[in-house]
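The values are calculated or read from the model by the stated rules, or taken from the named source; none is laboratory data. Note that the structure is predicted; figures quoted are calculated from it, not measured. Neighbour counts run over all protein chains shown; Cβ positions are idealised from the backbone, glycine included.
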Amino acid sequence: MNPVHWWSAGLAHVPQVDHWIDEVEAARFASMRFTKRRSEAKLSRYCAKTTVAMTLGRSTDPASLRSIQIRNARDGAPETRVDGHDGELVIAMTDRADWAVAAVIAGPSRIGCDLELVEPRSQAFVDDYFTPAERSLVAGSAEPALTSNLIWSAKESALKVLRTGLRRDTRTVTVTLREDRAEAWNSLLVDSSEGRHMWGWWRRYNSFVLTVAAEVEIPAPESLERPPPLATATPGHSWLERPTAT
Ligand SMILES: CC(C)(COP(=O)(O)OP(=O)(O)OC[C@H]1O[C@@H](n2cnc3c(N)ncnc32)[C@H](O)[C@@H]1OP(=O)(O)O)[C@@H](O)C(=O)NCCC(=O)NCCS
């Protein structure tokens, strides 16, 4: 089983000076009018580049990060380029509440990751987006906010593996939880309506829940930094203070 490595970063980690960004990325960020979108995009790029650099044993200084590019394929899935060549690492990215996570695996297996807040979800949300088996899990849970968000997160991770994202009906993938241990990675399975199986993991970090899924069986994800910055993260909503770019 190929290992999955991941790293997490918050807005405060992103360098103030943009030497780690190339011209294509700079133009993309400059075209974003809304502060929220721009800061999320920068944070997730910074997190992704640093994850690739650390996994490859490269420096994480600005020049090194600039030589690692993260581009999006036509369907939106992220792809890595290193020193101008297609990278051999397969990457997945997510961000939520001023925090980002990137996960990588040696190709060609696809992976997905998703970060959510543990926050209340309405019954209408659960009814609309979950399968009957998933609804039963939430109904029988002692912690419905955790269960509903981790199921939602696992679905998003799986839909990233399938590279459809939310273009696909979320009820065509069903999440099965295999473990529920505090302060540990817990394994899960995702089955698609056409009979594909995906393997994944979930873990709670205080206000956040993180999931990772892959089209092959994977060991529990390994953080490139211990303890992971996410372990002491506080969710932020910085964009509310300045909704449009200046
Ligand atoms: C993919 C999707 C589920 C992400 O959900 P989200 O909770 O809003 O956002 P997250 O932060 O968890 O993930 C965003 C990242 O998912 C990745 N992603 C986007 N589309 C993807 C796809 N089809 N397959 C795999 N990963 C994808 C990207 O890396 C993206 O970050 P980036 O745009 O900064 O590179 C959602 O955006 C979606 O379904 N979109 C529909 C597809 C779409 O419109 N893609 C956009 C470009 S065509």
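Here are the numbers:
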quantity	calculated
Ala48 vs. criteria crowded, with 17+ Cβ neighbours inside 10 Å, free of Cβ contacts under 8 Å to residues at least 60 places away in the same chain and either closer than 22 Å to Gly112 by Cα or within 15 Å of the ligand (Cβ to nearest atom) (or both)	yes
Answer from Asp86, Asp127, Asp169, Asp98 - the residue that is farther than 24 Å from Ile218 by Cβ and either touching a residue at least 60 places away in the same chain (Cβ under 8 Å) or in the same structural domain as Arg66 (by TED's automatic domain parsing) (or both)	Asp98
Candidates Gly76, Gly57, Gly84, filtered to the one that is under 21 Å from Ala213 (Cα atoms), surrounded by fewer than 21 Cβ atoms within 10 Å (Cβ to Cβ) and not acidic (Asp, Glu)	Gly76
Qualifying residue in the stretch 167-175 (condition: away from the ligand (no atom under 16 Å from the Cβ) and over 26 Å from Asn72 (Cα atoms))	yes
Boolean, Lys42 is more than 23 Å from Pro221 (Cα to Cα), of a type outside the set (Phe, Trp, Tyr) and either under 21 Å from the mean Cα position of the chain (by Cα) or not assigned by TED's automatic domain parsing to the domain that holds Arg71 (or both)	yes
Output for the stretch 23-45, where each listed residue is out of contact with any Phe, Trp or Tyr (no Cβ under 7 Å at 6 or more places or on another chain) and surrounded by fewer than 18 Cβ atoms within 10 Å (Cβ to Cβ)	Glu23, Val24, Ala26, Ala27, Arg28, Phe29, Ala30, Ser31, Met32, Arg33, Phe34, Arg37
Any hit, the stretch 105-114, residues being among the hydrophobic types (A, V, I, L, M, F, W, C) and within 11 Å of the ligand (Cβ to nearest atom)	yes
Flag if Glu134 is under 19 Å from Leu159 (Cβ atoms) and more than 10 Å from the ligand (Cβ to nearest atom)	yes
Single match in Ser148, Ser192, Ser141, Ser153 (criterion: within 12 Å of the ligand (Cβ to nearest atom) and in the same structural domain as Pro120 (by TED's automatic domain parsing))	Ser153
